[in-house]
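The values are calculated or read from the model by the stated rules, or taken from the named source; none is laboratory data. Given the structure is predicted, the values throughout are model-derived calculations rather than measurements. No Cβ is skipped: glycine too gets one built from the backbone with ideal geometry, and neighbour counts run over all protein chains shown. Ligands, DNA and RNA are excluded from the accessible area calculation, which covers all protein heavy atoms including side chains. Shrake-Rupley method; radii C 1.70, N 1.55, O 1.52, S 1.80 Å.
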Amino acid sequence: QVQLVESGGGLVQPGGSLRLSCAASKTIFSNYGMVWYRQAPGKQRQLVASITSDGRTGYVDSVKGRFTISRDNAKNTVYLQMNSLNSEDTAVYYCNILEIEYRNPWGQGTQVTVSS
């Protein structure tokens with residue numbers, strides 16, 4: 001099982017930016033697609049962005065043009081660059097493996113709070 005650790009969350013003002021990181025433990029990280037999900041208070045966990053093992057990306061409509069998912073296979077890390085943040089982006093953000101059959105139990109995530 002691949003261990004995943006999210007980091008990079010915090011408090012940011014509306015319009016600001018954050019970059020989240022997800023470090024994976026396994027050296028065959030490059031074989032997996034990766035995803036970022038988020039869960040706002042009182043809401044279901046929502047898929048935000050995905051990146052396949054060969055670098056194809058996908059985004060939920062609400063973040064298109066603002067968020068960018070990327071990966072560095074040499075560092076076993078996937079990133080989520082978040083720009084033009086607004087209050088609706090406030091949530092706990094989680095990373096996981098794209099392929100359902102290899103998906104981990106959800107970790108603790110990293111809190112993103114957008115507030116003035």
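Screening TYR59, TYR37 for residues that are out of contact with any Leu (no Cβ under 7 Å at 6 or more places or on another chain) and among the aromatic types (Phe, Trp, Tyr) leaves exactly one candidate, TYR59.
If the condition is being β-branched (Val, Ile, Thr) and either within 14 Å of VAL48 (Cβ to Cβ) or surrounded by fewer than 14 Cβ atoms within 10 Å (Cβ to Cβ) (or both), then region 101-113 contributes THR110, VAL112. Taking every residue in region 97-116 that is in contact (Cβ under 8 Å) with a residue 12 or more places away in the chain and pairing it with any residue that is part of a helix (DSSP H, G or I) and open to solvent by 60 Å² or more (accessible area, probe 1.4 Å), at least 6 positions away or on another chain, the pairs with Cβ-Cβ distances below 7 Å are VAL114/SER87; SER115/SER87.
Rundown of residues vs (1) at pLDDT below 95; (2) exposed (fewer than 14 other Cβ atoms within 10 Å of the Cβ), yes/no style:
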position: GLN39; (1), (2): no, no
position: ARG56; (1), (2): no, yes
position: VAL78; (1), (2): no, no
position: LEU85; (1), (2): no, no
position: TYR93; (1), (2): no, no
position: GLU99; (1), (2): yes, no
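Against the definition (out of contact with any Lys or Arg (no Cβ under 6 Å at 6 or more places or on another chain), closer than 13 Å to CYS22 by Cα and of a type in the set (Phe, Trp, Tyr)), how does TYR102 come out, yes or no? Outline the logic, then answer.
On the way: out of contact with any Lys or Arg (no Cβ under 6 Å at 6 or more places or on another chain): yes; closer than 13 Å to CYS22 by Cα: no; of a type in the set (Phe, Trp, Tyr): yes.
It is false that TYR102 is out of contact with any Lys or Arg (no Cβ under 6 Å at 6 or more places or on another chain), closer than 13 Å to CYS22 by Cα and of a type in the set (Phe, Trp, Tyr).
Residues in region 16-37 that are surrounded by 12 or more Cβ atoms within 10 Å (Cβ to Cβ), aliphatic (A, V, I, L, M) and farther than 16 Å from VAL114 by Cβ: ALA23, ALA24, MET34, VAL35.
Against the condition among the basic types (Lys, Arg) and either crowded, with 17+ Cβ neighbours inside 10 Å or modelled with pLDDT of 95 or more (or both), how does ARG45 come out, does it pass? Yes.
The set of residues in region 16-32 being modelled with pLDDT under 95, touching a strand residue (DSSP E or B) at 6+ places or on another chain (Cβ under 9 Å) and not in a strand (DSSP E or B) consists of SER25, PHE29, SER30, TYR32.
Can you tell me which residues in region 4-15 are open to solvent by less than 70 Å² (accessible area, probe 1.4 Å) and either at pLDDT below 95 or under 17 Å from the mean Cα position of the chain (by Cα) (or both)? Please lay out each step first, then the result.
Within region 4-15, the first condition is being open to solvent by less than 70 Å² (accessible area, probe 1.4 Å), and the residues that meet it are 4, 6-10, 12, 15.
Matches in region 4-15: LEU4, GLU6, SER7, GLY8, GLY9, GLY10, VAL12.
Within region 60-116, restricting attention to residues that are charged (D, E, K, R) and part of a strand (DSSP E or B), the residue that is farthest from ARG38 (Cα to Cα) is ASP72.
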